[in-house]
Each structure stands twice: as structure tokens, then as C-alpha cells.
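Here is the structure we will look at, set down as C-alpha cells.
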Amino acid sequence: MNTFGISGGLLLVIIGLAVIDYGLDPNVPYAYHAFYLGLAGIVIGGVIMWASSRTTRNPLLAQPYQVETRKSLSPVDGIKYRILYEESPVMQRTVNTDGIILECNQKYAKNFGSSKNEVIGKSIFDHVAEQSIAEMRNTFESWKETGRAENREIWFKRKDGSAFPALLSANNMYDERGKLIGSNTAIRDISDIYEARKVIQDHERQKVQLEELQKMNSLKEEFYFSLSQECKLPLEPIKRYCESLNDPVAANLNKQQLEAVNEIYNNTIRLERILEDMSDVQLLVARKMVFNKDEFKINEFMKNVVEISAHMMNDKKIEFVDTTKEKSILQSDKNRLKQIFDNLIQNAVDFVPQEGGKIEIGAKKEDNGIRFFVKDNGIGISEKRKDSVFKKYYQVNLSLKRRYGGSGFGLVICRLIVENLKGKIWFDSKEGEGTTFYFTIPLST
């Protein structure tokens, strides 16, 4: 209310009444003019009082970005805040205390897939996803009671039905009497943050699952290792009794009985090899296998391999050739290298033809290491099976499993030993023509 204006108007009315009283006396000079002058003063004073007593109503959007304000904005300030409102990088909407949307910016309308005309006049709850209706009601009621609503996480829904998470904060607006009449609400889409949070949660869950799997795998590896060790114990007496029964003087068995004893002995040796392979795989996977560092000449080592493996060639009368001429000195684990050759040669023996079989081994210095190889003229490996050769339990031709036996661990043991010795292993093969396995070992491991 303009106090000065009302006071001035009242003074004019009083003066006007006094002048009229003067003009009512016909005996005074200029009484007629004084009367109308006083009447004019009363009218003007009344108009001034009426105009000064009127209450000016500010538009609802007069103070969109002030948390609490009772101060009217100038026209220039109103334009400035309107521009800020419209061009805000976050969604903005203006609502009254009944929850009706009175205004919004283009960002808001566009994000919800609607025009501003479709948004204005709707309830704020029309844009809230089902799972957040209760939370939105609590937020709205709390805002009306306390005048505060900051960073409330609400799920909203678009016109097409899709939902998104957002943070909601309300800026309060008051009339000149200090009464809360509405709010400007800023809504920030946090879909990216929510997705990042979900990724982190998934990562934590996967981490826990991985730890559980590793724990289970460790228990499994320990079980296999213990099992292989326990199973070896009864094999020793079986082997000893077979050797005793195979003595022609002491046992005096007939031909059929000797064949049975030999069959038991051979299968015991085979079972013992499988158990040793199982034990080695568990040690290698768990990185618990011990590796020594020996120093030896390559040509002498290869001669020793021939001597150890020669007996494997007898049944099929396989031609066994060592082409090594290399005399370099290698520092590595001699026994583990022999184990690699034992597995590769045994694998070659199994798959060369019954007649005309040939296996060739060799070694040659190459860069800073030695390249070894085992070559055969066996059945080869088909293209579709090449990717599985160095995997656990794999056999080149499953139809030959019973005929040739094997644990399926041989090649994976070779790979794991080579990798532990800082080398590489690979092969070339053509189905029906044979296979060559190569592996390299650094000169000093």
C-alpha cells in the first residue's frame, strides 16, 4: 500500500471540503468558483486514495529462481529470469499448491515427449512412474508443510510409457503477504548416473560371485589332487604282486593266466599315469608345481629322450628319428622338458598308422631360445578340432578313445609346462597326413 499517496489524497479531500464550505456563503467574494474548486479537490483526492489503496498482483512466474522471496521484480528482471527459465539445461516446471502444472520450459516438454500445451494444466502425478507415486506424494506433502524439497529421487514416465530416474528440487514462491503459492521445480535426469550405479552394483555382485567360484574351484582342485594321491596308494601293491606272478619260476602260471596278469599290470600302469596327469594339472593350474633350473647340452638331452622313448615304438615298429645337431647349452628344467616330450611322443605313437609309422624329433637354436619339435605321419587333426587341442580332457578323435586310451590331460600339461617355462607351443597339422608339434624354450629360464 502507498501511504504517501493515501495521505495526499486525504489532504486534498479535507482542503476541498473547507473550500466548499467557504463557497457555500453567497456573501463572500468568488463563492461560486470556490465551491466548484473545492468539489474538484474532493474528487481528485478520492481518486488518489482509491488508486493508492489497490493491491498489485505479481504474475506467478515473477520470481522463478529465488528460494524464498517477497520482493517484486522489475520488468527487466522478469525478462532475464524468463530467459533463464526457458533456456535452463535441466527440466523446469512451475506448479501451484494443488500440484497443477502452470508452466514448464521446452526441455521439460521435450523430455516427456509432449508439447507445452499438453503439459500445462496437468497434475504433477500424471508424469510420475507407478513405482514412485507414493514417494512423490510424500515429497509433495512434505514440501507444502516445510517449504523444502531437495534432491528427491523420483522415477518419471514419458508419454510413450518409458521411465527414467531423476532428482527433484523445488524453489518456493510467495505472494506479497508471505503466503506460499507454488514452486518452480528443477528436475535433473540421472539415467547415466543410475546406469553407472547399476554397473558398479553388478560389478560388486560379479566380484562376489567370482570369489565364490574361485573358492569352489580351489576346493575342487584340492579334491582332485587329494583323490589322485590317495588312488596311487593301492596301485603299488597291485604292481608288485603282478611282477611276482609274472615270474615263471616262482608263480608257474599257464599262458592264459600270464596274459591276465599282464593285462592287470598294464592297466595299473595306465591308471597310475592318469592319476599322475591329474595331479600335475592341479599343480600347474594352481601354480604350485616346482620347477628346477638345470644346465645341459641340447644334443645330449635329445639322445636321452630317444633312449627313454624307444620302447614306445616296439608294438607298431615305428621308425623313430632324432635330427638334432644343436650343441647349445640350455638352462631350464630338464625333467619337465622330458615330460613334454613324453606326452607329445606318446600322442604321436597313438595316432601313427599300424604299419609304416614314423616319428621325428629335433631341436634347433632360434633367436634367444631353442625350438623343439615332434613330427608324425599320423591321422592329423581336422580343422574344426584345432581350437580345442590344448584344452582339458580333449582327445583328437573321440572315436579312438577306447582304442588308444589317454586321460585327455597330456597336451594341456604340455601347454602349461611350456608357459611356466616362459615359452610357446603350437602345431601344424593336415588331416590324413600328420601333425607337427613345436615348442620354444628361452636359453635361460
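Would a scan of region 282-299 turn up a residue that is on the phi > 0 side of the Ramachandran plot and surrounded by fewer than 20 Cβ atoms within 10 Å (Cβ to Cβ)? Yes. Residue-level check: of (1) under 29 Å from the mean Cα position of the chain (by Cα); (2) buried (at least 16 other Cβ atoms within 10 Å of the Cβ), PHE140 misses just (1). For the subset of region 201-218 comprising residues that are among the hydrophobic types (A, V, I, L, M, F, W, C) and open to solvent by 100 Å² or more (accessible area, probe 1.4 Å), which member is nearest to the chain's Cα centre (by Cα)? Per the stated criteria, the residue is LEU213.
Can you tell me which residue in region 143-153 is modelled with the lowest pLDDT, limited to those that are open to solvent by less than 100 Å² (accessible area, probe 1.4 Å) and either assigned to a helix (DSSP H, G or I) or touching a Gly at 6+ places or on another chain (Cβ under 9 Å) (or both)? Going through the qualifying residues, I end up with THR146. A Cβ distance below 7 Å, combined with a sequence gap of six or more or placement on separate chains, defines the contacts here; from region 265-292, residues that are in a helix (DSSP H, G or I) reach residues that are of a type in the set (Asp, Glu) in the pairs GLN282/GLU221; VAL285/GLU221. Only one residue in GLU295, GLU360 is acidic (Asp, Glu) and either assigned to a helix (DSSP H, G or I) or under 28 Å from SER429 (Cβ atoms) (or both). Which one? It is GLU360. Taking the residues in region 337-363 that are of a type in the set (D, E, K, R) and at pLDDT 95 or above as candidates, determine which candidate is farthest from ASN420 (Cα to Cα). Among them, the one singled out is LYS358. Only a single criterion out of (1) buried (at least 19 other Cβ atoms within 10 Å of the Cβ); (2) closer than 26 Å to ASP315 by Cα; (3) at pLDDT 85 or above is not satisfied by ILE441, namely (2).
Selection within region 247-276: residues that are open to solvent by less than 70 Å² (accessible area, probe 1.4 Å) and in contact with a helix residue (DSSP H, G or I) (Cβ under 6 Å, 6 or more places away or on another chain). The member of this set that is nearest to PHE409 (Cα to Cα) is LEU275.
Residues that are outside any helix (DSSP H, G or I) and open to solvent by 100 Å² or more (accessible area, probe 1.4 Å) within region 170-200 comprise ARG177, LYS179, ARG188, listed in sequence order. For LEU258, state whether it is more than 30 Å from ARG93 (Cβ to Cβ) and of a type in the set (A, V, I, L, M). Considered against the rule, which asks whether it is more than 30 Å from ARG93 (Cβ to Cβ) and of a type in the set (A, V, I, L, M), LEU258 comes out as yes. Filtering SER88, SER114, SER72 for residues that are assigned to a loop (DSSP other than H, G, I, E, B) and modelled with pLDDT of 90 or more leaves a single hit, SER114. Contact annotation: residue pairs with Cβ atoms under 8 Å, 6 or more positions apart or on different chains, pairing a residue in region 375-396 that is of a type outside the set (A, V, I, L, M, F, W, C) and part of a helix (DSSP H, G or I) with a partner that is buried (at least 19 other Cβ atoms within 10 Å of the Cβ) and modelled with pLDDT of 90 or more, are LYS386/SER429. Output yes when any residue across region 345-359 is buried (at least 18 other Cβ atoms within 10 Å of the Cβ), under 20 Å from ASN304 (Cβ atoms) and under 43 Å from the mean Cα position of the chain (by Cα), and no when none is. Yes.
Number of residues in region 167-202 that are closer than 23 Å to VAL128 by Cβ, in contact with a strand residue (DSSP E or B) (Cβ under 9 Å, 6 or more places away or on another chain) and not small (Gly, Ala, Ser) equals 15.
The values are calculated or read from the model by the stated rules, or taken from the named source; none is laboratory data. Quick caveat: nothing in here was measured; it's all calculated off a predicted structure. Heads up, the Cβs are rebuilt from the backbone with ideal geometry, glycines too, and the neighbour counts pull from every protein chain shown. Accessible surface is based on the protein model in full, side chains and every heavy atom, while ligands, DNA and RNA are left aside. Shrake-Rupley method; radii C 1.70, N 1.55, O 1.52, S 1.80 Å.
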